[in-house]
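Reading through the structure tokens given below for one structure.
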């Protein structure tokens, strides 16, 4: 599991001509060991350290294979997932199929999300932020969380 503050912050980077993005330096220390990149919720990608990937894998393995929702989750997470590694410049390669899924081309937004980082197309992230920045809508969205 990710310790300390975990993944935090919002950073804008460019995808290079080989499909790589620079992982923000503050996040690199949390990515020692295996790294996984997969399709995530809300049409973005997730970068997960191996420990978080293992925790999700364990949870999904405990779901019933006869449940259509469990099968859909397995297909979404694992079908396009790749193991990645940071190169010497702190970049990771995003395969074409994952870039297409998330609508990534040119600029991307890398966002910390506690246990993982998310990679967003700027227009999709801006739409998410429009909801999060609306106090009434945000309050309604989190009202059932008992925080």
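We did not get these values from a lab; they are worked out from the coordinates using the rules stated. It should be emphasised that the depicted structure is a prediction, and the values quoted were computed from it without experimental measurement. Every residue, glycine as well, gets a Cβ built from its backbone with ideal geometry; the counts of neighbours run over all protein chains shown.
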Checklist entry - Taking a quarter of the surface of the Cα convex hull of the range 84-139, what do you get in nm²? => result 5.1
Checklist outcome for this item: If R0 = 41 Å, then residue 87 and residue 57, at their Cβ-Cβ distance, give a FRET efficiency to the nearest 0.05 of 0.95
Checklist entry - Taking the chain as a Gaussian network, where each spring joins two C-alpha atoms under 10 Å apart, which residue of 106, 19, 62 fluctuates the most? => result 62
Item to check | Mean shadow area of the chain, taken as a quarter of the surface of its Cα convex hull (nm²) | outcome: 9.7
Next on the checklist: I need the shape label for the range 7-69. Rule: rounded when a/c is under 1.5, else prolate if a/b > b/c, else oblate, with a, b, c from the alpha carbon gyration tensor.
Outcome noted: prolate
Next on the checklist: Over the chain, with a Gaussian network built from C-alpha contacts below 10 Å, which listed residue (43, 55, 84) shows the highest mean-square fluctuation?
Outcome noted: 55
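Kindly rank 94-102, 45-53, 125-133 from highest to lowest mean number of other beta carbons found within 10 Å of each residue.
Most protected by this proxy first, the peptides run 45-53, 94-102, 125-133.
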